[in-house]
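Peer 1: Here you go, one structure.
The values are calculated or read from the model by the stated rules, or taken from the named source; none is laboratory data. Just so you know, these numbers come straight off a predicted model, no measurement behind them. Positions of Cβ are backbone-derived with ideal geometry, glycine not excepted, and every protein chain shown enters the neighbour counts. We work out accessible area using only protein heavy atoms, side chains counted, and drop any ligands, DNA or RNA first. Shrake-Rupley method; radii C 1.70, N 1.55, O 1.52, S 1.80 Å.
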Amino acid sequence: MKFYRFKTFTTSYYFPELDNAHQYMYGLYSAYGGQLSSVYWWLFRKCRIVRWFSVVDEKRLNFPYSLIRKVDGTDSLMSFNMGSPGVEQKISILGYDNITAEPFFAKFSQKPAARSLTENEIRVYRILNETMLTPKLLGCSHGEDYDYLKAEYIPGARPQTRELTDDVVQLCLMLAQHHLTEKRTDASELTICLSHGDFCPWNILVSDKGMRLIDWELADDRPLGFDLFTYICQVSALFTPEKTLQKSIDEADEKVKYYFNALGIVDYLPYLRAFAEEKIEYERSKGNNRLLVKYEELLSILI
């Protein structure tokens, strides 16, 4: 089989020839990089001659394609996202089972940090199985040097706007009604709830059935508002990097207060401080100095 490589500044994607029924596999990529990347992405999908310049035979793929096929164990059509380089890098997959005629999503992890995240996502799917918050877990496999997760495919499109909408706030409030453990407060006596952990537009899918979240590998119980603040700050850092995180939060103050008031919290500043402290530790562990500086600046204002 031949694949077509779509390369970005940070990673690569490999797609087989896709007919109209399998166009959803292009959902592995979202053109957030601006007009040029949007045009390139459109040409790649719509023009076969553009794809032909990036043909790669399956025998020459520079990732463990054969092992993934063996671990999956089905007759399936697959597309691959190599992930961003780093300790958490993993391969994300959209596929179609030719026997059951069902689409699916999968992750294949080999680096220790990535394997830990995949194992956490499997745990979360099992705990939240009855809530309909997460995709249904279809299967998983653990080897000496890999972890494999296979889950229900969630149809939908990324949000058309990056604004903090009422629907996004309501989704945060829905998460606040759930927990992964029996604990209800943290060591600082802040109220905790289920947190997706990477609550951003690129992990939200919208369909006629509403909003659904994907990519639950960072999920945990955290202080209220963690996902709401994540959405505001990640969008701000990516799309308006010249703006401070505090300014972006101030601009969303009305919706932030609505969220906390709905949960019986009058002063949300202790929760914002807890958020900033955790993000500083996380970005420091990843060596992401650009975001680390932004969160350190935010915390300095709050202390």
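Peer 1: Kindly check whether there is at least one residue in the stretch 267-288 that is more than 26 Å from Ser188 (Cα to Cα) and either open to solvent by 20 Å² or more (accessible area, probe 1.4 Å) or of a type in the set (Asp, Glu) (or both).
Peer 2: Yes: the stretch 267-288 contains one or more residues that are more than 26 Å from Ser188 (Cα to Cα) and either open to solvent by 20 Å² or more (accessible area, probe 1.4 Å) or of a type in the set (Asp, Glu) (or both).
Peer 1: Let me ask something else. Search the stretch 98-120 for residues that are touching a residue at least 24 places away in the same chain (Cβ under 8 Å) and acidic (Asp, Glu) and pair each with any residue that is crowded, with 16+ Cβ neighbours inside 10 Å and assigned to a strand (DSSP E or B) when their beta-carbon atoms are under 8 Å apart and the residues are at least 6 apart or on different chains.
Peer 2: Close Cβ pairs satisfying both conditions: Glu102/Tyr96; Glu119/Asp147.
Peer 1: Another question, if that's okay. I want to confirm something. Restricting to the stretch 103-132 and keeping residues that are charged (D, E, K, R) and under 17 Å from Leu175 (Cβ atoms), which single residue is surrounded by the most Cβ atoms within 10 Å (Cβ to Cβ)?
Peer 2: That would be Glu121.
Peer 1: While we're looking at this one, here's another question. Give the residues of the stretch 210-269 that are in contact with a Leu (Cβ under 8 Å, 6 or more places away or on another chain), among the acidic types (Asp, Glu) and either on the phi > 0 side of the Ramachandran plot or not in a helix (DSSP H, G or I) (or both), sorted by residue number.
Peer 2: Glu217, Asp220, Asp221 - these are the residues of the stretch 210-269 that are in contact with a Leu (Cβ under 8 Å, 6 or more places away or on another chain), among the acidic types (Asp, Glu) and either on the phi > 0 side of the Ramachandran plot or not in a helix (DSSP H, G or I) (or both).
Peer 1: Is it the case that Pro241 is touching a residue at least 60 places away in the same chain (Cβ under 8 Å) and surrounded by fewer than 17 Cβ atoms within 10 Å (Cβ to Cβ)?
Peer 2: no
Peer 1: So, in the stretch 136-160, of the ones that are part of a loop (DSSP other than H, G, I, E, B) and either acidic (Asp, Glu) or open to solvent by less than 60 Å² (accessible area, probe 1.4 Å) (or both), which residue ends up nearest to Thr74 (Cα to Cα)?
Peer 2: Ranking the qualifying residues of the stretch 136-160, first place goes to Tyr153.
Peer 1: I've got another one for you. What about Ile99, is it closer than 27 Å to Asp19 by Cβ, open to solvent by 70 Å² or more (accessible area, probe 1.4 Å) and outside any helix (DSSP H, G or I)?
Peer 2: In short, yes.
Peer 1: A further question on this structure: Step by step: first the residues of the stretch 44-59, then only those that are under 21 Å from Ile91 (Cβ atoms) and of a type in the set (A, V, I, L, M), then the one that is least open to solvent (accessible area, probe 1.4 Å). Which residue is that?
Peer 2: My answer is Val56.
Peer 1: Let me ask something additional. Please work out which residue is surrounded by the fewest Cβ atoms within 10 Å (Cβ to Cβ), limiting yourself to the stretch 60-83 and to residues that are within 17 Å of Gly27 (Cβ to Cβ) and touching a residue at least 60 places away in the same chain (Cβ under 8 Å).
Peer 2: For the stretch 60-83, the residue satisfying everything is Leu77.
Peer 1: Would you pick out the residues in the stretch 114-135 that are more than 15 Å from Lys150 (Cβ to Cβ) and either modelled with pLDDT under 95 or part of a loop (DSSP other than H, G, I, E, B) (or both)?
Peer 2: Residues satisfying the conditions are Leu128, Glu130, Thr131, Met132, Leu133.
Peer 1: Name the residue that is farthest from Ala151 (Cα to Cα), counting only residues in the stretch 205-222 that are among the hydrophobic types (A, V, I, L, M, F, W, C) and touching a Phe, Trp or Tyr at 6+ places or on another chain (Cβ under 9 Å).
Peer 2: Among those that are among the hydrophobic types (A, V, I, L, M, F, W, C) and touching a Phe, Trp or Tyr at 6+ places or on another chain (Cβ under 9 Å), it is Leu218.
Peer 1: Here is a list of conditions, (1) in contact with a Pro (Cβ under 8 Å, 6 or more places away or on another chain); (2) under 19 Å from Trp202 (Cα atoms), and Lys2 meets all of them except one; can you say which number that is?
Peer 2: (2)
Peer 1: Pick out the one residue from Tyr13, Tyr29 that is modelled with pLDDT under 95 and either under 20 Å from the mean Cα position of the chain (by Cα) or open to solvent by less than 20 Å² (accessible area, probe 1.4 Å) (or both).
Peer 2: Tyr29
Peer 1: Answer yes or no: is there a residue in the stretch 193-201 that is open to solvent by less than 50 Å² (accessible area, probe 1.4 Å) and modelled with pLDDT under 95.
Peer 2: Looking through the stretch 193-201, at least one residue is open to solvent by less than 50 Å² (accessible area, probe 1.4 Å) and modelled with pLDDT under 95.
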